[in-house]
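Structure first, commentary second.
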Amino acid sequence: MAAVTRSCRPWGSLLELFGLVSAAAAAWDLTSLRCNLGAFCECDFRPDLPGLECDLAQHLAGQHLAKALVVKALKAFVRDPAPTKPLVLSLHGWTGTGKSYVSSLLAHYLFQGGLRSPRVHHFSPVIHFPHPSHIERYKKDLKNWVQGNLTACGRSLFLFDEMDKMPPGLMEVLRPFLGSSWVVYGTNYRKAIFIFISNTGGEQINQVALEAWRSRRDREEILLQELEPVISRAVLDNPHHGFSHSGIMEERLLDAVVPFLPLQRHHVRHCVLNELAQLGLEPRDEVVQAVLDSTTFFPEDEQLFSSNGCKTVASRISFFL
C-alpha cells in the first residue's frame, strides 16, 4: 500500500488541528485584503486560499459539494474589497463528516493565529449557553460580544457549533449583523464571516445519498439542488434548532447551505491513511483493516455509511497501534 502523498502545508495530529497546537498560516500578502482597523488586525488576517484548496483536496474525504461551495464562497468574499454583506455559511450533515474539520481549516488559512487568533470566536451551546432560562442574558451578552469585536476588527470569524442545541431565539440578535446594512461609526461589519454548524438535515442528506447509491448514481452526481430544499425544510420544521424564531433563514441571510454527505468505507480508509501520515507512521494494512472492522456502518442491510464518519479514527488508531 502506498503512503499518502502530502504536498500541502504539514499538519500535526488531529488533536493539533482542533487547537491544542497552533500553526501560523502562510502569509499571502494581498494589501487590498488587509483589515484596516488596527495593526494586529492587519497582520492577523492572511487568507491563504491556495493552501486551503490543497488541504481540502487531500484531506477532506467524500465531500465534493462542501469543497466546491466553501472555496467558491471564500474566493468571492475575500477578494472583494467592499463586500455588500458578511459571508454567512451553514454547514449541515451527519456526525464525523468533516464540518468541524472544515471550520478549523478556515480559521487556520484565514488568520495567522488560526483558532487561537483573537479574531476567531468559537461558541458552543454547552459551554456558553447551557441554561435556556437565561436566554435574555445570553442575548444581551452575545450581541455585545459580536458588536464589540467587530468594532475592534471587522475582519473577524464567528463559529457557532451544534446549532441544533442552541437555545431557540438566541440567534435573533445576530440578524442585524448578517445583512447588508450594518455599518456603524465607520466600522464595516460586512467583512465578517459567520459559520453555523449543525447535524440537522443529516438524516435527509443520508437518505438522498442512499437513494443515489441504490440508483447506481455516483455520489459526485448528487447536486446541491437536491439537498438544499430538504435541509432547509428540516431546519425550519425543527423548533429546537438555533435558527428557530430568528428570521435568519426566512430572510435568506445565509449565503450558502453546505451539505456534508455520509462517508463510505473507502472514505474512512482515506481518513485512516491520512491520520497515520500525520502521525509520521507508514501505512500498516493490519491497523487500517482493524479500524475499518471496528467501525459501525448503516443501513443494516447495505452496511454502506459510517455511523460516526471519521470522528473516532484518531482514537481507534491509537488503540490498534
Next on the checklist: Can you return the lysines within cross-link range of Lys99? Criterion is Cα-Cα under 20 Å, with same-chain partners fewer than 8 residues away left out.
Outcome noted: Lys67, Lys72, Lys75, Lys165, Lys311
Item to check | Virtual spin-label span in nm between Leu236 and Phe320, 7 Å along Cα→Cβ | outcome: 4.4
Next on the checklist: If you average 1/r across every pair of different Cα atoms in region 197-321 and take the reciprocal, what Kirkwood value do you get, in Å?
Outcome noted: 16.5
Checklist entry - In whole Å, how far is the Cα centre of region 55-98 from that of region 233-287? => result 12
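So for each of 315-321, 150-156 I average, over its residues, the number of other beta carbons within 10 Å; can you give me the resulting order with the highest mean first? Don't jump to the answer; show the numbers that get you there.
Working: 315-321: 14.7, 150-156: 21.3.
The most tightly packed comes first, giving 150-156, 315-321.
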Checklist entry - How much of Lys191 can a 1.4 Å solvent probe reach, expressed as accessible area in Å² and rounded to 10? => result 30
Checklist entry - Tell me, in nm to one decimal, what length is gained between Leu210 and Ser307 on full extension, where the rule is 0.36 nm per residue of separation less the Cα-Cα distance? => result 33.6 nm
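What length, rounded to one decimal in nm, is gained on full extension from Glu282 through to Lys140, with 0.36 nm per residue of separation minus their alpha-carbon distance?
Values: separation 142, 0.36 × 142 = 51.12 nm, distance 5.14 nm.
Once the chain is fully extended between Glu282 and Lys140, it gains 46.0 nm.
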Next on the checklist: Can you give me the accessible area per residue for region 62-219, using a 1.4 Å probe, in Å²?
Outcome noted: 41
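Translational diffusion coefficient of region 123-221 at 10 °C, 1.306 mPa s, Stokes-Einstein with Kirkwood Rh over Cα pairs, in µm²/s as a whole number.
D, rounded to a whole number, is 101 µm²/s.
The values are calculated or read from the model by the stated rules, or taken from the named source; none is laboratory data. Here the structure is a predicted model, which is why all the values come from computation and not from measurement. Quick reminder, even Gly has a Cβ in these numbers, built from the backbone with ideal geometry, and neighbours come from all protein chains shown. When the accessible area is computed, the model is the full protein with side chains, heavy atoms only, and any ligands, DNA or RNA have been set aside. Shrake-Rupley method; radii C 1.70, N 1.55, O 1.52, S 1.80 Å.
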